[in-house]
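Here the structure comes first, spelled out in structure tokens, and everything after it is commentary.
The values are calculated or read from the model by the stated rules, or taken from the named source; none is laboratory data. Just so we're clear, the structure is a prediction, and the values are computed from it rather than from any experiment. For neighbour counting, all protein chains shown are included, and Cβ atoms are generated from backbone atoms with ideal geometry for every residue, glycine included. Protein only, heavy atoms only, side chains kept; ligands, DNA and RNA dropped before computing areas. Shrake-Rupley method; radii C 1.70, N 1.55, O 1.52, S 1.80 Å.
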Amino acid sequence: MYTPERERELIELSKRLLGEPDRIKRADKEEARRYASILREVINYHDYKYYVQASPVVSDYEYDLLFKALKDIESRYPELITPDSPTQRVASEISGEFPTVRHYAPMLSLDNTYTEEELRDFDRRVRELVGLDEIEYSVEPKYDGAGIALVYRNDLFTRGATRGDGETGEDITPNLRTVRTIPLKADFSEFGIELIEIRGEVLINKEEFRKMNQERLDEGLPPFANPRNAAAGSIRLQNPKEVAKRRLEAVVYQVSYVEPESKHPPTHYESIKLLHELGFKTPFKDMKLCKGIEEVIDYCRQWESVREDYPYELDGMVVKVNNKEFYEVLGFTSHHPRWAIAFKFKPKQATTKLLKVVFQVGRVGTITPVGKLEPVQIGGVVVSSVSLFNEDFIKEKDIRVGDTVLIERAGEVIPYVVEVIKEARDGDEAPIEFPKNCPSCGSKLVKLPGEAAYRCINIACPAQVVLRLKHWGSREAMDIRGLGESTAKALYEKGLARDVGDLYYLKPLDLLKLPNFAEKSANNLYEAIQNSKNRGLDRVLYGLGIRYVGHTTAKKLSESVRDIWELAEMPAERLADIEGIGEIVANSIKEFFLREENLEVIRKLERAGVKLSRDVVKGEEPLKGMVFVFTGALECCSRERAGEIVESLGGLFSNSVSKKTTYLVVGKEPGRTKLSRAEQLGVKVITEEEFINMVSKYVDIEKEKRESGPGRLF
Ligand code: IVH
């Protein structure tokens, strides 16, 4: 934990370090040692702000500079590397099985219940054994991830293990070192603690989980059933570099062992507070001390009602006796401690019948079997269909029409078949037959060697065209509001758009031909399409729907070239040299650009003025360190676009004037609050014209303006 003064100090220090790149580079060994130590402190602080508190105080760019400065020192003086240096999170390469290690204290499970009655029984037992009328409980969320045990010796993170069989677990230290919310060093010694073992959970937040599964689907991989499986699978990967990409987090919720024993915090609440203050991610803010079981029940119910809004998947609440003094008299069964219990929320699983299977054509022609289910309620939502992904998935689970299946709906994602209830079979179940021809265009389906899915390879297949249009308009691609699947379908059926290039030539009058479109909706869609022209090269590359190119890959590609034509001409071997691009992806990109019909679409986009180049050359960040605030209407572009420009040039864009603001850019009819605040703080005020001059070397705003075409036509 950092005091406000310390935070100010660390922010000042960061600024100073950022202003002295040359001194750092030239530092002799003694000076380098001092710099390294300060850099480590500020980087740890920024990690904490970013990963634990989710409120970073420097830009990613500045963070990278600090990190790079430390790495440079360490490569010049390797003897200065310390095991707790933030640079040592960078994954080391290992392969093979994981060694096993014995836990300091056995990792038991938790007793659990779904009913208030059983919670009251639990409380009665505790009160009887302890001999008190009322017990103080500490109540906190029960995270649904993968259990881990972390060991810190002399303040250093020395070992991280899976739960294993409870007695021994797998040593996954190199993997856990890549998890940003696990400090590599924590000041336990300040509290007299020499060795400590802490329990926790590796998690993936719901949003990351959704993205991760989308990327897996884009890459033709089966998605994970739920964030728990994704987390558990990720921490056991053999290559820590792969683990580092998985955006894992860890929360810690129990101190299980301390040396010397006398330094074990006396209550659960204090244990968590200690961990929280040492910079761990903990349930500290979400836990509550409750007097008596009725308060516990109230608190659990409150959480149950907000569970869906929580960023992590929760499967209940954990109720722990707060005073650890009582742990001894309460004791353990072989399975769980008697001083804690989990109050589980309604499960997000249910069984139902698979009625039939239909086959859907995807954006790149992949045929996906979709199971139609007897409708069933899961976690408050009616589920009536479920993806069966591909033939391998169906074979592996031995899914047949008529089967009773266990369905899970976790992390607000698509439902998933966990397993078939084989015991429920009566012999009438039928195997799932794959079609030979595309259900949309009738052309013969192919199955390429090494691939799990059947594909329709007719590029003009109507189902694919419609999905390509929809994908182009999606939020992560060109973000064209109003271009959903039904509109895309209508555009295709009316002959108005056969590819994404056609969209930019549509006039509001054309859009009026669409069913249910009136002046206002036609105008809105027209403007949404026109306004999407400057989203940037990465969004275009993602939006084109090239096989295996998810938005992470698209971003990498866009950073490696000046414009789309450079990419189109790049040989596959050079593509594969780009970090993170493997051979399969490189070949898919090459294949895409070799097709004349795709090049024709790109030319159409270019003629329409869609931006197909990067704003700046990599590494060039003329607005670095500057913070811009805009007020009043801008003539050049939308405020959103102005913000995009500032960020693409390395600056920051903010909505309110503060001490950190470098320029307040004033458009027409500026707001008085921002102006007077700028005056008060002595922030420099500039006109829109001055802003344009500042960036015109890098971004041609005038051209953008000309090309964004006329406004409303009605
Ligand atoms: S305490 C012996 N607290 O739930 C008590 N466990 O179903 C140690 N879990 O194995 C566990 N959130 O992996 C505890 N706030 C929390 C938890 C939690 C999730 C997991 C843990 C445990 C499992 C039991």
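Heavy-atom accessible area of residue 502 with all protein chains present, probe 1.4 Å, nearest 10 Å²?
Here the residue's solvent-accessible area equals roughly 30 Å².
Evaluate E = 1/(1 + (r/R0)^6) for residue 5 and residue 486, where r is the Cβ-Cβ distance and R0 equals 60 Å; express this FRET efficiency to the nearest 0.05.
0.55
State in Å² the accessible area per residue of the range 339-382; use a 1.4 Å probe, count heavy atoms of protein chains only, and round to the nearest integer.
42
What is the range 398-500's relative contact order, in percent, from Cα pairs under 8 angstrom and six or more apart in sequence? Kindly include the intermediate steps, with their values, before the conclusion.
Numbers: 115 pairs, mean separation 16.2, N = 103.
Result for the range 398-500 is 16 percent.
Could you grab the relative contact order for the range 224-330? Cα pairs under 8 Å, six or more apart, rounded to a whole percent.
With pairs under 8 Å counted, the relative contact order is 24 percent.
One quarter of the convex hull surface, Cα atoms only: what value does that give for the chain in nm²?
Reported value for the Cα convex hull: 36.8 nm².
Using Cα positions and a limit of under 28 Å, work out the lysines in reach of residue 395, with same-chain residues fewer than 8 apart set aside.
Within the straight-line cut-off, residue 395 pairs with 211, 348, 353, 356, 372, 422, 436, 444, 447.
For a quick check of understanding: with a 1.4 angstrom probe and all protein chains in place, what accessible area in square angstrom does residue 459 have, to the nearest ten?
Roll a 1.4 Å probe over it and residue 459 shows about 60 Å².
Work out how far the C-alpha atoms of the range 22-158 reach from end to end along every principal axis, then list the three figures in whole Å, largest first.
Computed over the Cα atoms, the extents are 69, 38, 26 Å.
Total Lys pairs in the range 1-133 closer than 15 Å by alpha-carbon, pairs eight or more apart in sequence or interchain only?
Qualifying lysine pairs in the range 1-133: 4.
Identify all aspartates and glutamates with a Cα-Cα distance to residue 668 below 15 Å; exclude those on the same chain that are fewer than 8 residues away in sequence.
Here the aspartates and glutamates satisfying the reach criterion relative to residue 668 are 635, 688, 689, 690.
Using a 1.4 Å probe and ignoring any ligands, DNA or RNA, find the accessible area of residue 676 and quote it in Å² to the nearest 10.
Estimated to the nearest 10 Å², residue 676 gives 60 Å².
If you roll a 1.4 Å probe over the heavy atoms of the protein chains, what accessible area per residue do you get for the range 62-208, in Å²?
Normalised by residue count, the accessible surface of the range 62-208 is 43 Å².
Would you mind computing Rg(Cα) / (2.2 N^0.38 Å) for the range 529-568, counting N as its residues?
1.11
Report the dimensions of the range 376-504 along its three principal axes from the alpha-carbon atoms, largest first, rounded to Å.
On the principal axes, the range 376-504 reaches 56, 39, 26 Å in Cα extent.
In whole percent, and with a 1.4 Å probe on the protein chains, what portion of the accessible area of the range 75-214 is carbon and sulfur?
Carbon and sulfur together cover 45 percent of it.
Calculate one ³J(HN,Hα) per residue across the range 606-611 by plugging θ = phi - 60° into the Karplus curve 6.51 cos²θ - 1.76 cosθ + 1.60, and present them in order as whole Hz with x for glycine and proline.
Along the range 606-611, the couplings run 5, 4, 7, x, 6, 6 Hz.
Determine the relative contact order of the chain: mean sequence separation of Cα pairs under 8 Å and six or more apart, normalised by residue count, in whole percent.
9
Counting other Cβ atoms within 10 Å, which trypsin sites (Lys or Arg not before Pro) in the range 452-513 have at most 12 and lie in a DSSP loop?
475
What is the distance in Å between the Cα centroid of the range 373-395 and that of the range 637-656?
Here the answer is 43 Å between Cα centres.
Using just the helices of the chain, give the 222 nm mean residue ellipticity in deg cm²/dmol: DSSP H runs with n ≥ 4 each add -39,500 (n - 2.57), and the total is spread over all residues, rounded to 500.
That comes out to -11000 deg cm²/dmol.
Roughly what percent of Cα-Cα pairs across the range 471-609 reach past 19 Å?
Beyond 19 Å sits 51 percent of the P(r) for the range 471-609.
If the cut-off is a Cα-Cα distance under 24 Å, which lysines reach residue 263, setting aside same-chain residues fewer than 8 apart in sequence?
Straight-distance partners of residue 263: 185, 273, 281, 285, 288, 320, 324.
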